[in-house]
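Colleague: Once you've had a glance at the structure underneath, I'll fire off some questions.
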Amino acid sequence: MWTSLSSQAETPSDSTIPRGKFAELHSCELFAGSCVVNGEVDQAGNYLLRAWQFDSGSINGVPLHGLTVALLEKGGNTLAVPKNHASDAVAYLPPGLTANQRLALLSWVKQNTSATLNDAHVKIAPVDAQIAQDQTRCSIGKEIAFTGGKPAECNVGGCGEMLWYQPRGAASSFVVDQLDESNITEPLLSLHWMDHGRRTLFVGRFGDPEPVVPALCGI
């Protein structure tokens, strides 16, 4: 079973507004029964990995089209809860950026985390994100990778499952996908995070001036 919501807030039409696709992987279930979610409170969800793939827009006059950036965060509580904030983070920028592109992408990730991102917590690594409702693949260097896709439809009915969270960042549209598998290692965060087979993945679009109907149409 999967679910979707349209825009949380419409964005004025402006060619400079950053727009594109995103994937947001949590370490807790996003769409599940209450027993599962309550059982994970303060026990899971302390890790969050996001990747943004820009198809238009700019920051400080720097075009973002074709660029991808990722952010890995760690906190003391479930990061799917808006009031909980990350204590540590690492940003991943692709190689070959100009100085202005680097500053623009750093500005974007700093706007999206409460953690301090000093030079030691910014890494240059290939960021490969293929984001779609039916299948998403993301890899960052050699140490981070995950895949996911549309979950199978529930043929039982009345499962009692529901959407408990929304994407951490503003989204024009999104769905909850099922993680196939993930393997994430980050020494800077003392983190080795592996998971599989759970609905822990948001995929969607950000920055669109109108809600996308149906959800994710055209990504």
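Colleague: What residues have an amide H closer than 5 Å to that of Asn77, excluding those fewer than 5 places away on the same chain, when H is modeled at 1.01 Å from N in the peptide plane?
Modeller: Placed amide hydrogens put nothing under 5 Å from Asn77.
Colleague: Going by average Cβ density within 10 Å per residue, which order do the peptides 67-78, 97-108 take, highest to lowest?
Modeller: 67-78, 97-108
Colleague: Could you compute the net charge surrounding Val203? Neighbours are other residues with a C-beta less than 14 Å from the C-beta of Val203; K and R count +1, D and E count -1.
Modeller: With Lys, Arg at +1 and Asp, Glu at -1, the net is +3.
Colleague: So, one more: Run the dipole for region 4-206 about the Cα centre, Lys and Arg Cβ at +1, Asp and Glu Cβ at -1, nothing else charged, and hand back the magnitude in debye, nearest 20.
Modeller: Dipole of region 4-206, to the nearest 20 debye: 440 debye.
Colleague: Near Pro18, within a Cβ-to-Cβ distance under 13 Å, what is the net charge of the other residues, with Lys and Arg +1 and Asp and Glu -1?
Modeller: 0
Colleague: With an 8 Å Cα cut-off and a minimum separation of 6 or more residues, compute the relative contact order for region 4-206 in percent.
Modeller: The normalised contact order for region 4-206 reaches 25 percent.
Read the figures in this text as sums done on the coordinates, not as results from a lab. Quick caveat: nothing in here was measured; it's all calculated off a predicted structure. Because the Cβ atoms are built from the backbone with ideal geometry, glycine has one as well, and the counts that use them run over all protein chains shown.
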